[in-house]
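Undergrad: The structure under discussion is supplied below as C-alpha coordinates; questions concerning it will follow.
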Amino acid sequence: MAVRKAVQCGQVEDAIEKVNDLNPEILDTNPQLFFHLQQQRLIELIRSGQVEEALEFAQEELAPRGEENHAFLEELERTVALLAFEDTANCPVGELLDISQRQKTASELNAAILTSQSHEKDPKLPSLLKMLIWAQNQLDEKASYPHINDLVNATLEEPVT
(Lines give C-alpha, C1' and ligand atoms only; values in the text may rest on other atoms or scores of the structure.)
Protein backbone atom coordinates (compact mmCIF):
# COMPACT_ATOMS: atom_id res chain seq x y z
CA MET A 1 0.00 0.00 0.00
CA ALA A 2 2.88 2.36 0.79
CA VAL A 3 4.41 1.71 -2.63
CA ARG A 4 1.12 2.38 -4.41
CA LYS A 5 0.55 5.57 -2.38
CA ALA A 6 4.04 6.82 -3.21
CA VAL A 7 3.40 6.46 -6.96
CA GLN A 8 -0.03 8.05 -6.67
CA CYS A 9 1.55 11.03 -4.89
CA GLY A 10 4.24 11.36 -7.56
CA GLN A 11 7.07 10.11 -5.33
CA VAL A 12 8.39 7.58 -7.81
CA GLU A 13 11.94 7.39 -6.41
CA ASP A 14 10.51 6.55 -3.00
CA ALA A 15 8.29 3.87 -4.58
CA ILE A 16 11.25 2.31 -6.40
CA GLU A 17 13.24 2.25 -3.16
CA LYS A 18 10.35 0.59 -1.30
CA VAL A 19 9.91 -2.04 -4.04
CA ASN A 20 13.61 -2.84 -4.00
CA ASP A 21 13.48 -3.19 -0.20
CA LEU A 22 10.52 -5.56 -0.58
CA ASN A 23 11.92 -7.64 -3.45
CA PRO A 24 14.68 -6.35 -5.78
CA GLU A 25 13.86 -8.98 -8.40
CA ILE A 26 10.50 -7.35 -9.20
CA LEU A 27 12.09 -4.52 -11.17
CA ASP A 28 15.07 -6.59 -12.36
CA THR A 29 12.83 -9.13 -14.06
CA ASN A 30 10.26 -6.70 -15.44
CA PRO A 31 11.94 -4.14 -17.74
CA GLN A 32 8.61 -2.76 -18.96
CA LEU A 33 7.49 -1.97 -15.42
CA PHE A 34 10.85 -0.40 -14.61
CA PHE A 35 10.61 1.73 -17.76
CA HIS A 36 7.09 2.85 -16.85
CA LEU A 37 8.28 3.86 -13.38
CA GLN A 38 11.18 5.80 -14.88
CA GLN A 39 8.77 7.35 -17.40
CA GLN A 40 6.52 8.39 -14.51
CA ARG A 41 9.54 9.91 -12.79
CA LEU A 42 10.21 11.94 -15.96
CA ILE A 43 6.57 13.04 -16.05
CA GLU A 44 6.85 14.22 -12.43
CA LEU A 45 9.97 16.25 -13.27
CA ILE A 46 8.10 17.86 -16.18
CA ARG A 47 5.03 18.47 -14.00
CA SER A 48 7.13 20.33 -11.45
CA GLY A 49 8.77 22.48 -14.13
CA GLN A 50 12.26 21.01 -13.75
CA VAL A 51 13.01 21.11 -17.48
CA GLU A 52 16.81 20.81 -17.25
CA GLU A 53 16.58 17.87 -14.85
CA ALA A 54 13.90 16.24 -17.02
CA LEU A 55 16.04 16.46 -20.16
CA GLU A 56 19.11 15.14 -18.36
CA PHE A 57 17.11 12.28 -16.83
CA ALA A 58 15.57 11.38 -20.20
CA GLN A 59 19.00 11.33 -21.87
CA GLU A 60 20.80 9.37 -19.18
CA GLU A 61 18.15 6.93 -17.94
CA LEU A 62 15.47 6.51 -20.58
CA ALA A 63 17.15 7.06 -23.94
CA PRO A 64 19.38 3.96 -23.60
CA ARG A 65 16.29 1.85 -22.89
CA GLY A 66 14.57 3.38 -25.92
CA GLU A 67 17.46 2.28 -28.11
CA GLU A 68 16.96 -1.30 -26.92
CA ASN A 69 13.18 -1.36 -27.32
CA HIS A 70 11.20 0.44 -30.02
CA ALA A 71 8.01 0.56 -27.92
CA PHE A 72 9.91 2.29 -25.12
CA LEU A 73 11.29 4.79 -27.60
CA GLU A 74 7.79 5.70 -28.79
CA GLU A 75 6.60 6.18 -25.20
CA LEU A 76 9.68 8.27 -24.41
CA GLU A 77 9.05 10.48 -27.45
CA ARG A 78 5.44 11.03 -26.34
CA THR A 79 6.58 11.94 -22.85
CA VAL A 80 9.35 14.31 -23.95
CA ALA A 81 6.82 16.00 -26.26
CA LEU A 82 5.28 17.49 -23.12
CA LEU A 83 8.28 19.84 -22.99
CA ALA A 84 7.37 21.34 -26.36
CA PHE A 85 4.08 22.81 -25.11
CA GLU A 86 3.58 25.73 -22.77
CA ASP A 87 -0.07 24.81 -22.24
CA THR A 88 0.28 21.13 -21.42
CA ALA A 89 -3.41 20.83 -20.53
CA ASN A 90 -4.36 21.26 -24.19
CA CYS A 91 -1.46 19.45 -25.86
CA PRO A 92 -1.95 16.15 -27.71
CA VAL A 93 -0.13 14.16 -25.00
CA GLY A 94 -1.49 16.11 -22.02
CA GLU A 95 -3.18 12.98 -20.64
CA LEU A 96 0.26 11.88 -19.41
CA LEU A 97 -0.02 14.59 -16.75
CA ASP A 98 -3.41 13.33 -15.56
CA ILE A 99 -3.71 11.63 -12.21
CA SER A 100 -4.99 8.61 -14.15
CA GLN A 101 -1.45 8.11 -15.50
CA ARG A 102 -0.17 7.82 -11.93
CA GLN A 103 -3.00 5.37 -11.16
CA LYS A 104 -2.13 3.27 -14.21
CA THR A 105 1.53 3.06 -13.19
CA ALA A 106 0.61 2.34 -9.56
CA SER A 107 -1.75 -0.47 -10.62
CA GLU A 108 0.90 -2.04 -12.87
CA LEU A 109 3.40 -1.95 -10.00
CA ASN A 110 0.86 -3.31 -7.51
CA ALA A 111 0.03 -6.23 -9.82
CA ALA A 112 3.74 -7.06 -10.15
CA ILE A 113 4.21 -7.00 -6.37
CA LEU A 114 1.20 -9.26 -5.80
CA THR A 115 2.37 -11.65 -8.51
CA SER A 116 5.84 -11.80 -6.95
CA GLN A 117 4.26 -12.72 -3.63
CA SER A 118 2.17 -15.42 -5.33
CA HIS A 119 -1.04 -13.52 -4.74
CA GLU A 120 -3.78 -13.01 -7.26
CA LYS A 121 -3.86 -9.65 -9.02
CA ASP A 122 -7.55 -9.33 -8.21
CA PRO A 123 -9.00 -9.38 -4.69
CA LYS A 124 -10.47 -12.71 -3.60
CA LEU A 125 -13.32 -11.47 -1.41
CA PRO A 126 -15.80 -10.69 -4.24
CA SER A 127 -15.24 -14.16 -5.72
CA LEU A 128 -15.68 -15.81 -2.34
CA LEU A 129 -18.94 -13.97 -1.72
CA LYS A 130 -20.27 -15.01 -5.13
CA MET A 131 -19.32 -18.62 -4.36
CA LEU A 132 -21.09 -18.40 -0.98
CA ILE A 133 -24.30 -17.15 -2.59
CA TRP A 134 -24.09 -19.83 -5.28
CA ALA A 135 -23.52 -22.57 -2.70
CA GLN A 136 -26.46 -21.35 -0.60
CA ASN A 137 -28.69 -21.37 -3.67
CA GLN A 138 -27.62 -24.94 -4.44
CA LEU A 139 -28.23 -26.02 -0.83
CA ASP A 140 -31.67 -24.35 -0.74
CA GLU A 141 -32.94 -27.09 -3.03
CA LYS A 142 -31.55 -29.94 -0.94
CA ALA A 143 -31.34 -29.05 2.74
CA SER A 144 -32.38 -26.81 5.59
CA TYR A 145 -29.46 -24.89 7.10
CA PRO A 146 -28.60 -21.50 8.67
CA HIS A 147 -28.39 -18.84 5.92
CA ILE A 148 -26.06 -15.88 5.72
CA ASN A 149 -28.35 -13.23 4.27
CA ASP A 150 -26.54 -10.21 5.71
CA LEU A 151 -23.13 -10.46 4.02
CA VAL A 152 -21.84 -7.26 5.65
CA ASN A 153 -22.23 -8.51 9.22
CA ALA A 154 -22.16 -12.25 8.39
CA THR A 155 -25.06 -12.98 10.69
CA LEU A 156 -26.65 -16.39 10.43
CA GLU A 157 -30.41 -16.77 10.13
CA GLU A 158 -32.01 -19.94 11.38
CA PRO A 159 -33.51 -22.19 8.72
CA VAL A 160 -37.16 -21.82 7.87
CA THR A 161 -38.88 -25.17 8.39
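Undergrad: Using a 1.4 Å probe, what is the accessible area per residue for the chain, in Å²?
TA: In whole numbers, the chain has 66 Å² accessible per residue.
Undergrad: Can you tally the lysine pairs in the chain where the Cα-Cα distance is under 26 Å and the two residues are eight or more apart, or on different chains?
TA: 11
Undergrad: Out of Asn149, Asn110, Asn20, any idea which swings most in a Gaussian network model of the chain, alpha carbons joined below 10 Å?
TA: Comparing Asn149, Asn110, Asn20 in the GNM, the peak value goes to Asn149.
Undergrad: Let me ask something additional. How tilted is helix 125-140 with respect to the longest principal axis of the chain? Cα atoms for both, answer in degrees (0 to 90, nearest 10).
TA: 20
Undergrad: Also, I was wondering about something else. Give the angle, between 0 and 90 degrees and rounded to the nearest 10, that separates the Cα long axis of helix 31-47 from the longest principal axis of the Cα atoms of the chain.
TA: 60
Undergrad: Also: Peptides 124-136, 32-44, 1-13: what's the order by average Cβ count within 10 Å, highest mean first?
TA: Packing proxy ranking, top to bottom: 32-44, 1-13, 124-136.
Undergrad: Just to be sure I understand, if you calculate log10 I(q)/I(0) by the Debye sum over Cα atoms at q = 0.11, 0.14, 0.15 Å⁻¹ for this structure, which of (1) -0.47, -0.74, -0.83; (2) -0.58, -0.75, -0.82; (3) -0.73, -1.06, -1.15 do you get?
TA: The listed entry that was calculated here is (2).
Undergrad: GNM, the chain, Cα, under 10 Å: largest mean-square fluctuation among Ile99, Ile16, Ile46?
TA: Highest fluctuation among the options: Ile99.
Undergrad: Then there's this: Which percent of the accessible area of the chain is formed by carbon and sulfur heavy atoms (probe 1.4 angstrom)?
TA: The nonpolar share, carbon plus sulfur, comes to 52 percent.
Undergrad: Starting from the Cα of Thr88, move 7 Å in the Cα-to-Cβ direction to define the label point; list residues of segment 2-18 whose amide nitrogen is under 19 Å from there.
TA: 6-15
The values are calculated or read from the model by the stated rules, or taken from the named source; none is laboratory data. For clarity, every value in this text was computed on a predicted model and none was experimentally measured. Note that we place each Cβ from the backbone using ideal geometry, even for glycine, and neighbour counts take in every protein chain shown. For the accessible areas, the whole protein counts, side chains as well, though only heavy atoms, and no ligand, DNA or RNA atoms are used. Shrake-Rupley method; radii C 1.70, N 1.55, O 1.52, S 1.80 Å.
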